Amino acid sequence: MSEAPAVSAFNDATSVRSRPGDSDASDRTYDVTLDPGWAILGKPNGGYLLALLGRAGCDIVGTTHPLAISGHYLRAPEAGPAEVRAVEIRRGRRASTSRATLWQGDKPCIEALVTSGELAMFATDYTSSPVPVLPPPQECAPPETHRFAPEIFEHCELRLDPATVPFPTPTGEATIRFWFRLRDGSEPNASTLILATDIGPPTVFNLRHYGWAPTVELTVLVRGLPAPGWLLCETTCQLVAGGWFDENATIWDSTGHLVAQSRQLALLGEPPAKD
């Protein structure tokens with residue numbers, strides 16, 4: 001990969017700009033631009049949007065890192081101008097809480113509750129989730145060589161574990177493991193971890209449920225700052241029923257530390273229409 005840029009494309013795409021006069025207020029409006037390059041077939045990726053809301057939620061309470069963020073997806077926004085309305089709920093010594101809502105065209109699109117503070121590269125005291133064993137990235141499959149090649153893959157590089165690739169033949173087990181990094185060479189940070197939890201192909205592809213899988217609710221726990229290098233991601237599904245499915249993601253950094261977890265509820269959608 002090339003040398004890491006001073007400002008990564010992801011940091012630029014998730015930037016929030018407080019309106020003049022709002023900098024000292026406990027409720028602020030931030031102007032944002034939803035970048036079309038971080039989309040899936042025209043719709044901005046849910047993890048990308050949640051990371052953007054996390055930055056506004058941290059800014060309004062003067063913290064650096066999201067610790068836990070839960071987003072409810074009300075409607076899908078379009079690429080282009082939008083705004084985030086953030087409210088300070090509580091400032092604490094170790095954790096602060098805020099609310100951030102993405103608005104576009106006078107309609108709320110995502111409502112997020114953000115707990116934030118300061119993270120470090122913590123040592124692991126206990127984990128019940130051992131690091132999965134899969135081939136190195138160069139021996140894994142890039143998903144864009146199959147039928148799943150959204151715009152966001154211009155910025156994000158994924159390498160799927162051959163044992164869990166859903167194409168061309170689904171495995172029958174709702175699990176997908178993959179390596180992930182940003183293509184511009186920028187190293188992962190707390191916001192990148194939020195993106196990573198929602199970047200892989202839906203696990204239900206391995207159950208032959210192809211098509212849209214819109215997120216309804218996504219909660220991400222950021223457990224520590226990641227070391228430089230590839231992130232190792234594992235996503236699983238526990239239940240598919242009534243047109244709904246859950247998806248759980250676990251993220252390890254290049255040193256094997258578990259650095260993020262997530263759980264989301266999503267809809268089983270219809271395959272996108274062909275042109």
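The values are calculated or read from the model by the stated rules, or taken from the named source; none is laboratory data. The model shown is predicted, which means the values in this text are computed figures rather than measured ones. With ideal geometry, Cβ positions are generated from the backbone for all residues, glycine too; neighbour counts draw on all protein chains shown. Calculation scope for accessible area: heavy atoms of the full protein, side chains included, ligands and nucleic acids excluded. Shrake-Rupley method; radii C 1.70, N 1.55, O 1.52, S 1.80 Å.
Below 8 Å, C-alpha to C-alpha, sequence gap of six or more: please give me the relative contact order for the chain in percent. Write down the numbers at each step before the final one.
Details: 665 pairs, mean separation 48.6, N = 275.
Computed over the chain, the figure is 18 percent.
What is the P(r) of the stretch 113-170, as percent of Cα-Cα pairs per 10 Å bin from 0?
Result returned by the calculation: 17, 31, 28, 23, 1.
With just the Cα atoms of the chain, tell me how far they stretch along each of the three principal axes, in Å, largest first.
Projected onto the principal axes, the Cα atoms of the chain cover 56, 46, 39 Å.
Work out how far the C-alpha atoms of the stretch 58-105 reach from end to end along every principal axis, then list the three figures in whole Å, largest first.
Computed over the stretch 58-105, the largest-to-smallest principal extents equal 37, 17, 16 Å.
When the helices in the chain are scored as -39500 (n - 2.57) per DSSP H run of 4 or longer and the sum is shared across all residues, what 222 nm value do you end up with, to the nearest 500 deg cm²/dmol? Let's see the in-between values first.
Numbers: 3 runs with 28 residues, N = 275.
Result for the chain: -3000 deg cm²/dmol, rounded to the nearest 500.
Taking only protein heavy atoms and a 1.4 Å probe, what accessible area per residue, in Å², does the chain have with all protein chains in place?
On the way: 12910 Å² over 275 residues.
Each residue of the chain exposes 47 Å² on average to a 1.4 Å probe.
Please report, in whole Å, how far the alpha carbons of the stretch 7-82 spread along each principal axis, starting with the longest.
Largest to smallest, the principal-axis extents are 38, 29, 27 Å.
In whole percent, how big is the carbon plus sulfur part of the accessible area of the stretch 151-275, probe 1.4 Å, protein atoms only? Walk me through the numbers on the way to the answer.
On the way: 2650 of 5030 Å².
Carbon with sulfur: 53 percent of the solvent-accessible area.
Taking 0.36 nm per intervening residue step and subtracting the Cα-Cα distance, what contour gain separates Thr64 from Leu41 on full extension? Provide the component values of the computation, followed by the final result.
Working: separation 23, 0.36 × 23 = 8.28 nm, distance 3.17 nm.
The span from Thr64 to Leu41 would gain 5.1 nm if fully extended.
Which order do the peptides 232-243, 198-209 take when ranked by the mean count of other beta-carbon atoms within 10 Å per residue, highest first? The partial results should precede the final answer.
Details: 232-243: 15.7, 198-209: 21.8.
Most protected by this proxy first, the peptides run 198-209, 232-243.
To the nearest µm²/s, what D does Stokes-Einstein give for the stretch 52-186 at 4 °C and 1.567 mPa s, using the Kirkwood radius over alpha carbon pairs as Rh? Kindly include the intermediate steps, with their values, before the conclusion.
On the way: Rh = 18.1 Å.
It comes out at roughly 72 µm²/s.
Using only the Cα atoms of the stretch 136-204, what do you get for the radius of gyration and for Dmax, in Å?
11.9, 35
How many times 2.2 N^0.38 Å is the alpha carbon radius of gyration of the stretch 179-267? Before the final figure, lay out each step's value.
On the way: Rg = 13.4 Å, N = 89, 2.2 N^0.38 = 12.1 Å.
Normalised Rg, Cα atoms only: 1.11.
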